[in-house]
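Engineer: Okay, here's the structure, questions in a sec.
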């Protein structure tokens, strides 16, 4: 079928990325308006599944629903897996059970579990009951693990062989059981009779080794074995540390139960980084499908907490109300002290949370990091205290006031620098997430120290 001229996508080299996306979206919208499944599929099949998912996600909610209804049991599974969670859930809600069941039969266990997660419990159970018993048991076991654990992340299809098999036997076995193998894998795991991992053979070694060589002679030692209940963030850290492309997953008895591959870890790293970035600002992500009410509900609790902490700072200020009434210049300069201190603390906090996430703060490195941040805060404090003191002197012509603000700023900078690393370290030790809770404690304590030092010194040295 030929598309109308006005719907043809212009040559990519003539357009910017935004123009290319706009043209793709317009093309898909036009196909949806026809109501014909073949036209919608033809548009989507022009692109890589990830690009097709991006185009769908740009559409308004109503058109996403319309496209899903038109495609129905022909909705491409590859595109569905590439969609972000909230958009995939919107599509899955409208897809026929038969199509989802067929998709679950063909997907790796980790992808199948992800789709099942998008369903309500009743519908999930109905679809599971229609699967073959072996597939159902695998999925139910996968669903029993925490959503952010290695057990949920792993694929249960893998290639394993005993160490006495030679390369030829292994290759012949793989070819004869191709349908049971994962779509992508990088290593063959060498196991003992109890299914414990002895080592692994990368595929490049298989390609370079004669058929009669036993696997035991060419296998490599596994760098890591991942427990099923390990948090996905820890798994991602191990992949990064040891430059892994895949890793075996073992149960509590040490038996091989699956593998994790690098494609899933890339998604985990992106997800964890996004969560930490948003947590530092105490917000959740605001997607295009989020409503005003849901966005309000996600942000209001943290704002309410900030109201309480702001009143704590206000109470500190109220202790010096007579001082402020007597010396109006203090009210003018107070925001400078806490604003600069807060920014300095936030810089240290961002560096500290990142270092904790990447396991860079442990043992001696922790002590060195605290000393580094203290010295950095001291240098920044001296430089900016002098600058602000000079500005205050030229503004108010009061050398004592300039000295007071200089000392107060230096104290605030030192506190901000130290608390920016000590607070997340303390929260981590207590089992809390430093990315989520640190900023509230940091900014509150910086405000209190800033106001106490500035107004307290002013009361001592400036009041008659």
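Engineer: Kindly list the number of the only condition in (1) at pLDDT 90 or above; (2) assigned to a helix (DSSP H, G or I); (3) farther than 23 Å from residue 85 by Cβ; (4) under 37 Å from the mean Cα position of the chain (by Cα) that fails for residue 217.
Structural biologist: (4)
Engineer: Shifting gears a bit: Can you give me the number of residues within segment 75-107 that are assigned to a helix (DSSP H, G or I) and more than 14 Å from residue 49 (Cα to Cα)?
Structural biologist: Within segment 75-107, residues that are assigned to a helix (DSSP H, G or I) and more than 14 Å from residue 49 (Cα to Cα) number 17.
The rows are residues; the columns are (1) more than 23 Å from residue 20 (Cα to Cα); (2) buried (at least 18 other Cβ atoms within 10 Å of the Cβ).
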| residue | (1), (2) |
| --- | --- |
| 52 | no, yes |
| 60 | no, no |
| 74 | yes, no |
| 95 | yes, yes |
| 100 | yes, yes |
| 103 | yes, yes |
| 106 | yes, no |
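Engineer: Across segment 152-170, what is the number of residues that are surrounded by 15 or more Cβ atoms within 10 Å (Cβ to Cβ), farther than 24 Å from residue 141 by Cβ and in contact with a helix residue (DSSP H, G or I) (Cβ under 8 Å, 6 or more places away or on another chain)?
Structural biologist: 6
Engineer: Quick check: is even one residue across segment 16-33 more than 12 Å from residue 67 (Cβ to Cβ), assigned to a loop (DSSP other than H, G, I, E, B) and at pLDDT 80 or above?
Structural biologist: No, there is no match, as no residue in segment 16-33 is more than 12 Å from residue 67 (Cβ to Cβ), assigned to a loop (DSSP other than H, G, I, E, B) and at pLDDT 80 or above.
Engineer: Turning to a different aspect of this structure: Here is a list of conditions, (1) closer than 24 Å to residue 267 by Cα; (2) outside any loop (DSSP other than H, G, I, E, B), and residue 223 meets all of them except one; can you say which number that is?
Structural biologist: Against the list (1) closer than 24 Å to residue 267 by Cα; (2) outside any loop (DSSP other than H, G, I, E, B), residue 223 comes up short only on (2).
Table: residues versus (1) in the same structural domain as residue 308 (by TED's automatic domain parsing); (2) under 18 Å from residue 343 (Cα atoms); (3) touching a strand residue (DSSP E or B) at 6+ places or on another chain (Cβ under 8 Å); (4) surrounded by 18 or more Cβ atoms within 10 Å (Cβ to Cβ).
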{"residue": "358", "(1), (2), (3), (4)": "yes, no, no, no"}
{"residue": "369", "(1), (2), (3), (4)": "yes, no, no, yes"}
{"residue": "375", "(1), (2), (3), (4)": "yes, yes, no, no"}
{"residue": "379", "(1), (2), (3), (4)": "yes, yes, no, no"}
{"residue": "385", "(1), (2), (3), (4)": "yes, yes, no, yes"}
{"residue": "400", "(1), (2), (3), (4)": "yes, no, no, no"}
{"residue": "423", "(1), (2), (3), (4)": "yes, yes, no, yes"}
{"residue": "427", "(1), (2), (3), (4)": "yes, no, no, yes"}
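The values are calculated or read from the model by the stated rules, or taken from the named source; none is laboratory data. Just so you know, these numbers come straight off a predicted model, no measurement behind them. Cβ sites come from the backbone with ideal geometry, for glycine too, and all protein chains shown count toward neighbours.
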